[in-house]
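**Q** Encoded as structure tokens, here's the structure I'll be asking about.
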Amino acid sequence: MATRIPTGVEQKFWGKVEAADAFDTVVAMGTADALPLLELTITPTKDYIKSRERVGSASLQNEVASSEGGTWSAKAYVKPNGTTVTTAPDIGQLLKAAFGYEDTSGDVSYTCHTSGTEKHEPQSLQLVRTAGPHAYEVISGCWVEQVDIEITRDIPTISFSGGFASLGFAYGGTINGALSSSATSVVVDAAHGARFRAGSYIAFRDSGSIKDGAGVPGAGYKITAVNNTTHTLTITPGIDSGDATVGDDSTIEAFVAPQTLTTNSPVSGVDSGISIGGNSVGFISFKVSYKTGIKGLDQESSTAKVTRLVLGDREVTGEIEAYAIGSADNTLDVMHYFGDVYDGNTVALIGRAGANTTKARMMINVPAARIDVTPLNIPEAEEATVSMSFTARKSSSNGDELSLDFS
């Protein structure tokens, strides 16, 4: 196996919502599951509990394995699909898992409720990251805990973060012995077994040819078990007859499916807009943080991993930064909203990422936002700005405090 170091420029990403009855069940990614992310950070954890048995020594004698799982975070540009107003964006699966509902009847809307009924059954995700042939990572049983949206003069972004139940990986190796058709056991060179974990998808490079299930492309081979004692991987399906045999010393590589991604550009921050109380005003930045309330049940003694999700309190907060403009013209008068905060009244906020053009914009709807009391900071010489933080409430239906529309 040639020496290889994964690089950032080689990264590719995929993701999809898991079936309702298939939490933490790894499935193959298809071309349409590709995600155009800026980054995907995976932070696995594995806890060990110190043994407190006393044997006359100050040294730690033993540890007992405990819970495992981890956290993840991802970031993407705001980028409508651009094909039709009813075609979901590439990151639609992430948004669907965060909000619960995806409606493509008139445009593409992400909401926590439909027809006044809010979503109570959290949806889980599966995410994949590759970086060249020797780096494949898959996390399953993922949930979205928080979504952060930011519109500035830079490119508007959406960030996601949450936890996951299981991690699988394939970091490259060499097989020890040829594989015949239908074979499901793959013996690897000594110590190479530790480079693999169940859940990952692999292919074989045999004398320069890729053997990945004999399709065009194939579907790859899924690792279902790893035995580090015998250096054996168990795969499914067995070696496809179309791949004939896989020769001795062939390299095990990450299986990378082709990607189908939107070809249009991300929206521009300088074309964006914001409406407060029905009046469009100038702004410097608009930020929304959505805590979904979704969490994994991680205290069950019968398992080391999260096996189910529940829904807690939802929370939507944000901040508007703008120049401290006071004017008789409502489209300019920011200070009216800055000052009208002491009665606890709510106001409708609509943020637009991108130009006000069909198929090229994302609308952020907060129908009932209470703006916090904040100080006016006047600098020594520069122009004054205001930062108006807010908290979203229910407007008329449960779950309607935040929605996103790609229209």
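The values are calculated or read from the model by the stated rules, or taken from the named source; none is laboratory data. It should be emphasised that the depicted structure is a prediction, and the values quoted were computed from it without experimental measurement. Cβ coordinates were reconstructed from backbone atoms using ideal geometry, including for glycine residues, and neighbour counts include every protein chain displayed.
**Q** Conditions: (1) buried (at least 16 other Cβ atoms within 10 Å of the Cβ); (2) among the acidic types (D, E); (3) within 28 Å of S397 (Cα to Cα). D333 meets all but one. Number of the miss?
**A** All conditions are met except number (3).
**Q** Hey, another quick one. Being surrounded by fewer than 20 Cβ atoms within 10 Å (Cβ to Cβ) and in contact (Cβ under 8 Å) with a residue 60 or more places away in the chain is true for just one of E53, E68, E102. Which residue is that?
**A** Numbers: E53 fails: in contact (Cβ under 8 Å) with a residue 60 or more places away in the chain; E102 fails: in contact (Cβ under 8 Å) with a residue 60 or more places away in the chain.
Of E53, E68, E102, the one residue that is surrounded by fewer than 20 Cβ atoms within 10 Å (Cβ to Cβ) and in contact (Cβ under 8 Å) with a residue 60 or more places away in the chain is E68.
**Q** Restricting region 295-330 to residues that are of a type in the set (D, E) and loosely packed, with under 13 Cβ neighbours inside 10 Å, which is farthest from D24 (Cα to Cα)? If you could, list the steps in order and put the result at the bottom.
**A** Initial filter on region 295-330 (of a type in the set (D, E)): 298, 300, 313, 315, 319, 321, 329.
Adding the requirement that they be loosely packed, with under 13 Cβ neighbours inside 10 Å leaves 300, 313, 329.
Values: E300: 16, D313: 23, D329: 55 Å.
Among them, the one singled out is D329.
**Q** Looking at region 369-407 only, could you name the residues that are hydrophobic (A, V, I, L, M, F, W, C), crowded, with 19+ Cβ neighbours inside 10 Å and farther than 17 Å from H336 by Cβ? Before you say what the answer is, go through the steps one by one.
**A** The initial filter retains those residues of region 369-407 that are hydrophobic (A, V, I, L, M, F, W, C), namely 369, 371, 373, 376, 378, 381, 384, 386, 388, 390, 392, 402, 404, 406.
Then keep just the ones that are crowded, with 19+ Cβ neighbours inside 10 Å; that gives 369, 371, 386, 388, 390, 392, 402, 404, 406.
Result: A392, L402, L404, F406.
**Q** Being of a type in the set (V, I, T) and surrounded by 19 or more Cβ atoms within 10 Å (Cβ to Cβ) narrows it down to one residue among I284, I202, I210; which is it? It would help to see each step written out before you state the result.
**A** Working: I284 fails: surrounded by 19 or more Cβ atoms within 10 Å (Cβ to Cβ); I210 fails: surrounded by 19 or more Cβ atoms within 10 Å (Cβ to Cβ).
Within the list I284, I202, I210, the selection yields I202.
**Q** Right, here's the next one. Output the strands (runs of 3 or more DSSP E) that fall wholly within region 78-138 and possess 1 or more residues being small (G, A, S) and modelled with pLDDT of 95 or more, or say none. Steps first, answer last, please.
**A** Numbers: elements: 101-103, 108-111, 125-131.
In region 78-138, 108-111, 125-131 are the strands (runs of 3 or more DSSP E) which contain 1 or more residues that are small (G, A, S) and modelled with pLDDT of 95 or more.
**Q** Look at E63 and say whether it is under 18 Å from the mean Cα position of the chain (by Cα) and acidic (D, E).
**A** Answer is no for this residue.
**Q** Here are some conditions: (1) at pLDDT below 95; (2) under 29 Å from the mean Cα position of the chain (by Cα); (3) not in a loop (DSSP other than H, G, I, E, B). F390 meets all but one. Which one does it not meet?
**A** (1)
**Q** Out of (1) farther than 30 Å from S289 by Cα; (2) over 21 Å from the mean Cα position of the chain (by Cα); (3) surrounded by fewer than 23 Cβ atoms within 10 Å (Cβ to Cβ); (4) touching a residue at least 24 places away in the same chain (Cβ under 8 Å), the odd one out for T229 is which?
**A** Failing condition for T229: (4).
**Q** So I158 passes all but one of these: (1) surrounded by 23 or more Cβ atoms within 10 Å (Cβ to Cβ); (2) within 14 Å of the chain's Cα centre (by Cα); (3) not in a strand (DSSP E or B). Which condition number does it fail?
**A** I158 satisfies every listed condition except (3).
**Q** Would you check which residues across region 10-26 are touching an Asp or Glu at 6+ places or on another chain (Cβ under 8 Å), assigned to a loop (DSSP other than H, G, I, E, B) and buried (at least 16 other Cβ atoms within 10 Å of the Cβ) and list them?
**A** If the condition is that a residue be touching an Asp or Glu at 6+ places or on another chain (Cβ under 8 Å), assigned to a loop (DSSP other than H, G, I, E, B) and buried (at least 16 other Cβ atoms within 10 Å of the Cβ), then E18, D24 are the ones that fit.
**Q** Then there is this: With respect to S241, is the statement that it is in contact (Cβ under 8 Å) with a residue 40 or more places away in the chain, among the small types (G, A, S) and either closer than 30 Å to D340 by Cα or touching a Pro at 6+ places or on another chain (Cβ under 9 Å) (or both) true? Steps first, answer last, please.
**A** Numbers: in contact (Cβ under 8 Å) with a residue 40 or more places away in the chain: yes; among the small types (G, A, S): yes; either closer than 30 Å to D340 by Cα or touching a Pro at 6+ places or on another chain (Cβ under 9 Å) (or both): no.
Here the answer is no, as S241 does not meet what is asked.
**Q** Quick test for you: out of G318, G326, pick the one residue that is in a strand (DSSP E or B) and of a type in the set (G, A, S). Walk me through how you get there before you give the answer.
**A** Working: G326 fails: in a strand (DSSP E or B).
The conditions single out G318.
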